[in-house]
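Chemist: So that we are looking at the same thing, I have put the structure below in structure tokens.
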Amino acid sequence: MAKFKIVTTAGPGTGVPGADHSLEMEALAGIGAEIVEVKGGEDELAAAAVDADAIYGKGRPRITAKVINAGKKLKVVSLASVGVDSVDVEAATALGIPVTNCPDTFIEEVADHAMTLILASWRRLVVQDQLVRKGEWSKARPMLYQFPRLMGMTLGFISFGHVARAVSKRAKPFGFQMLAYDPYIEELVMSDHDVQPVGYSELLERSDIISMHAPGTKDAHHLMKEQHFKKMKKTALFVNTGRGSTVDEPAMIKALQEGWIAGAGLDVMETEPIGHNNPLLGMENVILTAHVASASTRFDIARKRRVGAEMALVLGGKWPRACVNPSVLEKSKLERWQPYSMERGPGN
């Protein structure tokens, strides 16, 4: 009989039921742990969590307060993702249960994708491709005569965590002026990346391209509303590789339809998968990708090993490497083997 029981679901992060957990088990096998896959929704997961030592979250169903409170032996909730909006972190914190994530595993991939959307949106790449395919070659060049060169344009970052910093490194050689708004990050961090710290309104008003990187927290919910899109330049573009919940999607659609902004590049939507009747699907000035910014050949391997290692650390009596609610660690009986990361912020 296994010493530790880990319950999980066949969520969208790992695919179909019967997922191969061999990569997670590389770290877990040595401490006598087993991963038990649960079919169903919140009720089924809560029932399985009663005697579980850990919950391995995969996006859906959401790990709610009901699920967490059901876990009488629960020691840790772990996610193989950066975002933790699929877990009720407050409920876990109230019970002294650490919630772990993978904040640094696929930063480069997301930064590459954000930069791709920025460049493709600015040069209207998808529309240009369609013009060639439709035999409308002569329309392509005149279309681009409407837009200025990229060099000298202003790129604004909403939130300046790991991904935004990686994007700023990629953007610098293109000649961007760069701004950032992030109340949780020291201004000196921005200055080190040649990024000017500004207030939210100033960023919206000055930026030619806005890149959203805020996490899916309560504080960041609908950070971009109708009044914010109205503050943007009519020629500006909006790019989001963070979380769909940070944007009031109907407001963004209205902004695009009524010309408050010029276009968008979106990897995340408020409802995923995107509905077949969503107006965004019919807009030529919008580039859409299917929440794939982090995907690469390294992606699944790295995150699965990381989440296995995090659960193994906590179940083995030690602090995890990444904890989104680190206040619980000092009060726990877990052994402290490394200091707090001074850059850890909400959901980071």
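The values are calculated or read from the model by the stated rules, or taken from the named source; none is laboratory data. If you're wondering where the values come from, they're calculated on a predicted model, not measured in any experiment. Reconstructed Cβ throughout: ideal geometry from the backbone, glycine too, with neighbour counts over all protein chains shown. Each accessible area value is taken on the protein alone, full model and side chains, heavy atoms only, with ligands, DNA and RNA left out. Shrake-Rupley method; radii C 1.70, N 1.55, O 1.52, S 1.80 Å.
Chemist: Jot down the per residue volume, in cubic angstrom and as a whole number, of the convex hull over the alpha-carbon atoms of the range 225-348.
Modeler: 154
Chemist: Let me see the pair-distance distribution of the range 1-93: every alpha carbon pair, 5 Å bin width, integer percents in order.
Modeler: Calculated P(r), rounded to whole percents: 3, 15, 28, 27, 19, 8, 1.
Chemist: Consider just the alpha-carbon atoms of the chain and return their Rg together with their Dmax, both in angstrom.
Modeler: 21.7, 71
Chemist: Quick check of the Kirkwood formula: for the range 84-159, what is the inverse mean of 1/r over all pairs of different Cα atoms, in Å?
Modeler: It is 16.6 Å.
Chemist: Next question. Which value, in nm² and rounded to one decimal, describes the direction-averaged projected area of the C-alpha convex hull of the range 95-216?
Modeler: If you wrap the Cα atoms of the range 95-216 in a convex hull and average its projections, you get 10.2 nm².
Chemist: Now, a different point. With respect to the cross-link table entries LYS5/LYS318; LYS3/LYS318; LYS66/LYS304, which display a Cα-Cα separation exceeding 23 Å?
Modeler: LYS66/LYS304
Chemist: Out of every Cα-Cα pair in the range 277-333, what percent are more than 19 Å apart?
Modeler: Numbers: 894 of 1596 pairs.
For the range 277-333, the share of Cα pairs beyond 19 Å comes to 56 percent.
Chemist: Then there's this: What do you reckon, how do LYS331, LYS169 stack up by accessible area (1.4 Å probe), largest on top?
Modeler: Of LYS331, LYS169, the descending order of accessible area is LYS331, LYS169.
Chemist: If you take the Cα Rg of the range 227-281 and divide it by 2.2 N^0.38 Å, with N the number of residues, what do you get? Let's see the in-between values first.
Modeler: On the way: Rg = 10.7 Å, N = 55, 2.2 N^0.38 = 10.1 Å.
Relative to the 2.2 N^0.38 Å estimate, the range 227-281 comes out at 1.06.
Chemist: Then there is this: Can you tell me how much longer the chain between ASN69 and LYS172 gets when fully stretched, taken as 0.36 nm per residue apart minus their C-alpha distance, in nm with one decimal?
Modeler: Gain in length upon complete extension: 32.4 nm.
Chemist: Which value, in debye to the nearest 20, describes the size of the charge dipole of the chain about its Cα centre when Lys and Arg Cβ atoms bear +1, Asp and Glu Cβ atoms bear -1, and nothing else is charged?
Modeler: Once rounded to the nearest 20, the dipole reads 400 debye.
Chemist: Run the numbers for ARG336 and HIS221: contour at 0.36 nm per residue of separation, minus the present Cα-Cα distance, in nm.
Modeler: Values: separation 115, 0.36 × 115 = 41.40 nm, distance 3.31 nm.
Here the segment from ARG336 to HIS221 would lengthen by 38.1 nm.
Chemist: With N set to the number of residues, divide the alpha-carbon radius of gyration of the range 167-308 by 2.2 N^0.38 Å and report two decimals.
Modeler: Cα-based Rg divided by the globular estimate yields 1.10.
Chemist: Please list PHE4, PHE147 in order of solvent-accessible area, largest first, computed with a 1.4 Å probe with all protein chains present.
Modeler: PHE147, PHE4
Chemist: So what is the relative contact order of the chain, in percent, for Cα pairs below 8 Å that sit 6 or more residues apart?
Modeler: The value is 19 percent.
Chemist: Next question, about the same structure. For LEU125 and GLU205, compute 0.36 nm times the residue count separating them, minus their Cα-Cα distance, and round to one decimal in nm.
Modeler: Working: separation 80, 0.36 × 80 = 28.80 nm, distance 2.51 nm.
Going from the current span to full extension adds 26.3 nm.
Chemist: Another question about this same structure. Quick one: helix 162-171 against the long Cα principal axis of the chain, what's the angle to the nearest 10°, folded into 0 to 90?
Modeler: 30
Chemist: Determine how large the accessible area of LYS134 is when every protein chain is in place; take a 1.4 Å probe and give Å² rounded to the nearest 10.
Modeler: 130
Chemist: Which percent of the accessible heavy-atom area of the chain goes to carbon and sulfur, probe 1.4 angstrom?
Modeler: Using a 1.4 Å probe with all protein chains present, the chain comes out at 54 percent carbon and sulfur.
Chemist: Over the Cα atoms of the range 159-219, Rg to Rh with Kirkwood Rh, two decimal places? Numbers along the way, then the final one.
Modeler: Details: Rg = 11.0 Å, Rh = 11.9 Å.
Over the Cα atoms of the range 159-219, Rg/Rh equals 0.93.
Chemist: If LYS318, LYS333 are ordered by their accessible area, calculated over protein heavy atoms with a 1.4 Å probe, which sequence runs from highest to lowest?
Modeler: Details: LYS318 80, LYS333 205 Å².
I get LYS333, LYS318, largest accessible area first.
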